[in-house]
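**Q** Quick one: this structure, given as structure tokens, is what I'll be asking you about.
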Amino acid sequence: MTSATATAARGPAVGFALASMAIIQVGAAVSTSLFATIGPAGTSWLRLAWAAVVFVAIARPKVWRMRAADLGTAVVLGLVSAGTTLLFFEAVARLPLATAVAVEFLGPLAVGLLRPGGRAWPVLAFGGVLLVTQPWRGTADLVGIGFALGAAACWGAYILLTQRVADAFGGIEGLAVSMPAAAVFAAFFGAPAAWPHLDLKLLLTGLVLALLLPVLPYTLELLALRRLTTSAFGTLMSLEPAFALVVGAAVLHQIPGLVQGAGIALVTAASLGAARSGAREGQ
């Protein structure tokens with residue numbers, strides 16, 4: 001792959017990833033308004049259920065034509081996606097948005113460590129994560145951090161599986177399989193909390209939130225992972241805490257301190273380094 005080809009492949013991919021991160025954080029911040037009514041799990045299920053409806057309506061997946069192995073991978077991606085959403089919302093209900101995202105970023109960070117020769121960027125990003133979370137202060141909600149760590153593990157698996165699904169399926173057909181699986185799995189945890197409160201207003205709110213997350217971001221990430229290595233994508237996502245700080249301050253009035261700002265500078269530098277060297281071979 002020539003340098004010009006690699007640059008052409010990286011440009012759109014980085015744009016897709018940046019747009020996805022911005023939409024995810026706005027969607028997460030706005031979703032907190034539903035926590036008091038149907039809880040984090042109920043909010044997760046409602047959004048995933050609508051996402052499943054949207055993806056199936058658009059892609060109309062022909063499941064009977066799919067290879068069993070590809071179908072299985074898409075279903076597993078759905079379970080991981082549900083886990084990411086459920087655990088992340090439980091974390092956001094207990095932690096500032098930027099803190100939850102910074103801890104969750106340890107998942108993509110681990111993926112970034114898989115790339116030989118590119119380990120300086122994840123190490124730099126890890127330093128930034130420490131500054132954002134400030135674990136030495138001992139004031140964070142340990143249950144919330146536990147949920148965020150669980151979301152981190154799911155997020156790392158999500159990155160690896162999404163690239164496999166992107167390679168195996170055309171368009172968004174893979175997501176039209178994974179999202180129904182995610183909605184069914186999340187229903188066990190969220191449907192009991194949400195069902196008694198369902199009305200037209202809540203359903204329409206859930207549809208709008210589903211478009212913000214996961215419909216638009218997952219589609220953009222699928223496009224990005226067709227052009228970037230999983231390790232480069234994972235480290236590029238270190239910008240996520242920066243978006244979370246900005247959105248948290250603007251929407252939720254969670255104002256960061258100077259140390260957190262320094263941490264964001266570190267993860268931003270790491271993400272830029274990953275973006276410059278992460279195009280997939282053959283793209």
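The values are calculated or read from the model by the stated rules, or taken from the named source; none is laboratory data. Model, not experiment: these values are computed from the prediction. Neighbour counts run over all protein chains shown; Cβ positions are idealised from the backbone, glycine included.
**Q** Taking Phe105, is it buried (at least 22 other Cβ atoms within 10 Å of the Cβ), at pLDDT 90 or above and of a type in the set (Phe, Trp, Tyr)?
**A** In short, no.
**Q** Test of understanding: among Ala262, Ala166, Ala244, Ala250, which residue is assigned to a helix (DSSP H, G or I), at pLDDT below 95 and out of contact with any Leu (no Cβ under 9 Å at 6 or more places or on another chain)?
**A** Going through Ala262, Ala166, Ala244, Ala250 in turn, just one is assigned to a helix (DSSP H, G or I), at pLDDT below 95 and out of contact with any Leu (no Cβ under 9 Å at 6 or more places or on another chain): Ala250.
**Q** (1) more than 18 Å from Ala166 (Cβ to Cβ); (2) modelled with pLDDT of 95 or more; (3) not acidic (Asp, Glu): which one isn't true of Arg60, the others all being true?
**A** (2)
**Q** Kindly indicate whether any position in region 170-181 is more than 19 Å from the chain's Cα centre (by Cα), without any contact (Cβ under 8 Å) to a residue 40 or more places away in the chain and closer than 18 Å to Arg60 by Cα.
**A** The answer is yes, given that some residue of region 170-181 is more than 19 Å from the chain's Cα centre (by Cα), without any contact (Cβ under 8 Å) to a residue 40 or more places away in the chain and closer than 18 Å to Arg60 by Cα.
**Q** Report, by residue number, each residue of region 187-244 that is touching a residue at least 60 places away in the same chain (Cβ under 8 Å), of a type in the set (D, E, K, R) and surrounded by fewer than 19 Cβ atoms within 10 Å (Cβ to Cβ).
**A** Hit for region 187-244 is Arg226, nothing else.
**Q** When region 77-102 is examined, which residues are found to be charged (D, E, K, R) and modelled with pLDDT under 95? Working first, answer last.
**A** Start the filter on region 77-102 by keeping residues that are charged (D, E, K, R), which leaves 90, 94.
Of everything in region 77-102, just one residue is charged (D, E, K, R) and modelled with pLDDT under 95, namely Arg94.
**Q** Check Val53 against each of (1) farther than 30 Å from Asp199 by Cβ; (2) modelled with pLDDT of 95 or more and name the one condition it does not meet.
**A** The single condition Val53 does not satisfy is (1).
**Q** A follow-up question, please. Which of the residues belonging to region 57-74 are surrounded by 16 or more Cβ atoms within 10 Å (Cβ to Cβ) and of a type in the set (A, V, I, L, M)? Let's see the steps before the verdict.
**A** Restricting attention to region 57-74, the residues satisfying the condition of being surrounded by 16 or more Cβ atoms within 10 Å (Cβ to Cβ) are 59, 61, 66, 70-71, 73-74.
Hits for region 57-74 are Ala59, Met66, Leu71, Ala74.
**Q** Inspect region 197-211 for any residue being farther than 23 Å from Ala22 by Cβ and touching a Gly at 6+ places or on another chain (Cβ under 8 Å) and give the result as yes or no.
**A** yes
**Q** Filter region 131-146 down to the residues that are surrounded by 15 or more Cβ atoms within 10 Å (Cβ to Cβ) and in a helix (DSSP H, G or I) and list them by number.
**A** Listed by number, the residues that qualify are Leu131, Val132, Thr133, Gly144, Ile145, Gly146.
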